[in-house]
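Okay, so here's the structure we're looking at.
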Amino acid sequence: MELILLGIYSFIVWLIFFKYRLLPWNTISQVIVITIPIIGLTLLILVLNIVAPSSADVRVVNYVVAVNARVQGLVTEVPVEPNRPVHKGEVLFKLDPTPFELEVTGADQIVMAQRAEELGYEMIPTPEHFIVPNAHVDLTGPHYFHSTVAQAFIAGATRRIRVNSSVTLLPLPHPIIMAKALSTADWMSNDRTVGDRGSQAEGAVGFSSSDRYRRPPAVRGPTAHRPASHSRATRR
């Protein structure tokens with residue numbers, strides 16, 4: 001490239017001083033003609049070394065971050081693309097969560113609940129199913145809690161966050177026992193338990209919720225003849 005620039009410069013000098021004789025060719029003009037290319041080429045080389053450096057022996061040094069997963073598992077998805085910048089917080093790959101979900105314990109649930117409370121979450125749901133269809137195991141996992149027991153468990157490990165049953169299968173247990181359990185969990189959690197009610201699972205166990213809703217629980221035995229004494233005993 002330098003030779004091409006010198007050739008163009010020499011052609012311009014020949015036109016000005018020899019072809020058209022626009023300027024006299026004396027000592028001063030000769031010094032100027034020789035000095036300009038020397039300074040120009042020096043500045044050009046310096047700029048090119050900064051902007052576009054080149055060398056026969058090149059070593060490129062760059063920061064490389066090794067991606068080493070702390071857990072083992074089956075990679076199910078790789079959202080990133082080759083030769084594309086990756087920003088902080090982007091998901092690099094996803095692992096199959098099923099093995100980890102199967103190993104979650106009650107202690108892990110406490111850690112997650114307390115962390116959710118620290119992050120400012122408002123509510124934790126505790127779904128309830130008495131029978132989990134095989135078709136739902138891959139989608140939701142095999143673990144379903146008794147919602148009221150799970151609510152009390154999580155509420156006992158936290159202070160602020162609310163706990164939602166999401167949902168309680170109300171027709172299956174005895175209504176008096178269920179009401180006692182729900183009111184106890186709500187009182188001991190300082191009114192932090194929220195109950196959603198459902199009845200979608202009774203068909204799986206051969207039970208019709210219409211009977212439960214239509215027929216109030218019967219009180220049998222001697223206590224039915226002495227409601228006042230039963231009431232006094234409850235107060236004491």
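Yes/no per residue for (1) acidic (Asp, Glu); (2) modelled with pLDDT under 85; (3) more than 41 Å from the chain's Cα centre (by Cα):
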{"site": "Trp25", "(1), (2), (3)": "no, no, yes"}
{"site": "Leu44", "(1), (2), (3)": "no, no, yes"}
{"site": "Val60", "(1), (2), (3)": "no, yes, no"}
{"site": "Ala66", "(1), (2), (3)": "no, yes, no"}
{"site": "Glu77", "(1), (2), (3)": "yes, no, no"}
{"site": "Pro97", "(1), (2), (3)": "no, yes, no"}
{"site": "Glu118", "(1), (2), (3)": "yes, no, no"}
{"site": "Pro125", "(1), (2), (3)": "no, no, no"}
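Only residues that are among the hydroxyl-bearing types (Ser, Thr, Tyr) and either within 19 Å of Leu48 (Cα to Cα) or outside any loop (DSSP other than H, G, I, E, B) (or both): list them for the range 1-25, please. Even if it seems obvious, please write down each step before you answer.
Of the range 1-25, the ones among the hydroxyl-bearing types (Ser, Thr, Tyr) are 9-10, 20.
The answer is Tyr9, Ser10.
I'd like to check something: does the range 76-96 contain any residue that is farther than 20 Å from Ala150 by Cβ, among the polar types (S, T, N, Q) and out of contact with any strand residue (DSSP E or B) (no Cβ under 6 Å at 6 or more places or on another chain)? Checked the range 76-96: at least one residue is farther than 20 Å from Ala150 by Cβ, among the polar types (S, T, N, Q) and out of contact with any strand residue (DSSP E or B) (no Cβ under 6 Å at 6 or more places or on another chain).
Taken residue by residue, the range 51-67 has no member that is of a type outside the set (Asp, Glu), touching a Leu at 6+ places or on another chain (Cβ under 8 Å) and surrounded by 10 or more Cβ atoms within 10 Å (Cβ to Cβ). In summary, Ile36 fulfils each of the numbered conditions (1) aliphatic (A, V, I, L, M); (2) touching a Phe, Trp or Tyr at 6+ places or on another chain (Cβ under 8 Å); (3) at pLDDT below 85 with the single exception of condition (3).
Given the criteria basic (Lys, Arg), modelled with pLDDT of 75 or more and in the same structural domain as Glu117 (by TED's automatic domain parsing), does Arg212 qualify? Please lay out each step first, then the result.
Numbers: basic (Lys, Arg): yes; modelled with pLDDT of 75 or more: no; in the same structural domain as Glu117 (by TED's automatic domain parsing): yes.
Here the answer is no, as Arg212 does not meet what is asked.
For the range 76-91, the criterion of a residue being over 30 Å from Ile45 (Cβ atoms), small (Gly, Ala, Ser) and surrounded by 12 or more Cβ atoms within 10 Å (Cβ to Cβ) is satisfied by no position.
The values are calculated or read from the model by the stated rules, or taken from the named source; none is laboratory data. Just so you know, these numbers come straight off a predicted model, no measurement behind them. Note: ideal-geometry Cβ built from the backbone for every residue, glycine included; neighbour counts use all protein chains shown.
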